[in-house]
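Everything on this sheet refers to the single structure shown next.
The values are calculated or read from the model by the stated rules, or taken from the named source; none is laboratory data. Keep in mind the model is a prediction, meaning the values are calculated, not measured. When we count neighbours, we look across all protein chains shown, and the Cβ atoms used for this are built from the backbone with ideal geometry, even at glycine.
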Amino acid sequence: MAKNTSERSPDRVPHVPPPSAAHAPDGMESARELARRYLPDTVRLLAGIALAPDSEAALHTRMMAAKDIVAIAGVIPQATPTAPAPAPPPPHEGP
């Protein structure tokens with residue numbers, strides 16, 4: 001039978017780690033810094049798994065790595081081309 005939670009000794013209760021930042025925006029900024037630093041290596045690793053001709057990864061693993069590359073590419077803002085200028089109206093041909 002399972003022990004009652006009140007019978008647990010205080011030294012076996014897990015402790016909450018201290019926060020990594022004093023404020024939430026500071027934590028988000030540090031997470032963005034880490035992402036900027038490790039993103040190129042992550043993309044190279046995933047590309048090596050998914051696209052290398054001599055990759056020994058299983059087909060499912062290669063597919064999951066390719067899906068992760070697509071997901072990362074969706075997060076990175078892409079340069080949007082400018083819209084072409086509208087064409088002038090055709091000349092009016094009257095009777």
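Here is a yes/no grid of residues against (1) over 30 Å from G74 (Cα atoms); (2) basic (K, R); (3) in contact with a helix residue (DSSP H, G or I) (Cβ under 9 Å, 6 or more places away or on another chain); (4) at pLDDT below 80:
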site	(1), (2), (3), (4)
M1	yes, no, no, yes
N4	yes, no, no, yes
V13	yes, no, no, yes
P19	no, no, yes, yes
E29	no, no, no, no
E33	no, no, no, no
R37	no, yes, no, no
L51	no, no, yes, no
D54	no, no, no, no
(request) Test G27 against the criterion of being touching a Pro at 6+ places or on another chain (Cβ under 8 Å) and assigned to a helix (DSSP H, G or I), and give yes or no. (result) yes
(request) Taking S55 as meeting all but one of (1) of a type in the set (S, T, Y); (2) in contact with a Gly (Cβ under 9 Å, 6 or more places away or on another chain); (3) not in a loop (DSSP other than H, G, I, E, B), write down the number of the exception. (result) (3)
